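Everything below concerns the one structure shown next.
The values are calculated or read from the model by the stated rules, or taken from the named source; none is laboratory data. It should be emphasised that the depicted structure is a prediction, and the values quoted were computed from it without experimental measurement. Virtual Cβ from ideal backbone geometry, glycine too; neighbours counted across all protein chains shown. Accessible surface is based on the protein model in full, side chains and every heavy atom, while ligands, DNA and RNA are left aside. Shrake-Rupley method; radii C 1.70, N 1.55, O 1.52, S 1.80 Å.
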Amino acid sequence: MGIEAALSRVSQSETRQRWEMLINQARQVTDRHITKISFFLTPGEWLLTESLLVHIGGLKWLLDGGFDNAERRRLVMVPDYLEPSDLQPVVSFIEISRSHKSSSLTHRDYLGALLSMGIQRDVVGDIVILEENAWVALVPEMADYVMWNLENVGRVKVKNRLVDTIPLKPATADMHLVDGTVASLRLDAVLSLALKTSRSKAQVLVAGQKVSVNWQAATKQNIELHEGDVLSVKGYGRIQLLKIGSLSRSQRWHVQIGIMK
């Protein structure tokens, strides 16, 4: 599959334009022998990386979110006689501490506070919340600005400091776990369980283009899901099919679903 064929799978014009820009940057790397580093890419964007960049010779690249299993990552491209991992770090981290430990802050609160400072979404990487602190990944150029100017998250005063890494936490730490059974592993059946709604209403969400599976728009109700698949539903948030168990006596699948808090 060539570059044009791979791009033809991208339905949204805005996303296609973004990737056309990245391809042009990749060609600049090989033609002009320079280094190019993107802003943070979403999983849906960086999942296209291999199918696109594999067609450009003379190029080495990596996806770096600053830590293992980062969801949002930067694309680092260098000529093939260099190693992208030898460059200076392309991600900086800020630890945000709350002044009122009793206050409960969510991912949306932290992201909203950052965006209210006039920061673009694609300069912000993952936000990890663990107990009473949060850690934010940023492009290094924005780290000092955020550290010195972020004073409040919501109505809670915060203190910030630069740190070297983001602490890792269990993958399900930010999830509400739901155990149940489904008649099948079809998308509409799993959505029905996760959202506590009927399958017909789940089908309406899919038909209305409000659902994506693994960051790709879902166009069919009968997509069969697999363990680990991530669903995004506009207006509801993100859901992951964590475990697929055995069949019950009534021929229903035992599953565990994680709903992002």
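Structural remarks
- Members of the range 22-50 found to be without any contact (Cβ under 8 Å) to a residue 12 or more places away in the chain, under 15 Å from D80 (Cβ atoms) and open to solvent by 80 Å² or more (accessible area, probe 1.4 Å), listed by number: D31, R32
- For the range 219-261, the set of residues classified as assigned to a loop (DSSP other than H, G, I, E, B), closer than 16 Å to V206 by Cα and open to solvent by 80 Å² or more (accessible area, probe 1.4 Å) consists of T219, K220, N222, K234, G235, Y236, listed by residue number.
- When P167, P140 are checked against the criterion of being surrounded by fewer than 19 Cβ atoms within 10 Å (Cβ to Cβ), farther than 30 Å from K220 by Cα and over 18 Å from the mean Cα position of the chain (by Cα), P140 stands alone in meeting it.
- Summed over the range 183-237, residues that are touching an Asp or Glu at 6+ places or on another chain (Cβ under 7 Å) and more than 21 Å from Q251 (Cβ to Cβ) total 4.
- Taken together, the criteria exclude S51 from residues that are of a type in the set (S, T, Y) and closer than 21 Å to R121 by Cα.
- Complete set of residues in the range 84-117 that are of a type in the set (K, R) and under 20 Å from the mean Cα position of the chain (by Cα): R108
- Of the residues making up the range 85-97, those that are in a loop (DSSP other than H, G, I, E, B) and under 19 Å from Q120 (Cβ atoms) are V90, V91.
- Any pair with Cβ under 6 angstrom, 6 or more apart, that starts in the range 66-84 at a residue that is part of a loop (DSSP other than H, G, I, E, B) and buried (at least 19 other Cβ atoms within 10 Å of the Cβ) and ends at one that is modelled with pLDDT of 95 or more and among the aliphatic types (A, V, I, L, M): G66/V91; G66/A137
- Enumeration of residues in the range 56-65 that are open to solvent by 20 Å² or more (accessible area, probe 1.4 Å) and either charged (D, E, K, R) or within 16 Å of L168 (Cα to Cα) (or both): K60, D64
- Scan of the range 1-56 for residues that are of a type in the set (K, R), under 29 Å from F93 (Cα atoms) and at pLDDT 85 or above, ordered by number: K36
- Boolean, A189 is farther than 24 Å from R98 by Cβ and without any contact (Cβ under 8 Å) to a residue 40 or more places away in the chain: yes
- From the options G180, G125, residue that is of a type outside the set (A, V, I, L, M), open to solvent by less than 30 Å² (accessible area, probe 1.4 Å) and over 23 Å from the mean Cα position of the chain (by Cα): G180
- Hits in the range 205-215 (condition: surrounded by 15 or more Cβ atoms within 10 Å (Cβ to Cβ) and over 20 Å from the mean Cα position of the chain (by Cα)): L205, V206
- Criterion (in contact with a Lys or Arg (Cβ under 8 Å, 6 or more places away or on another chain) and either in contact (Cβ under 8 Å) with a residue 60 or more places away in the chain or among the hydrophobic types (A, V, I, L, M, F, W, C) (or both)) met by exactly one of V136, V163, V153: V153
- Selection status of M142, assigned to a loop (DSSP other than H, G, I, E, B) and at pLDDT 95 or above: no
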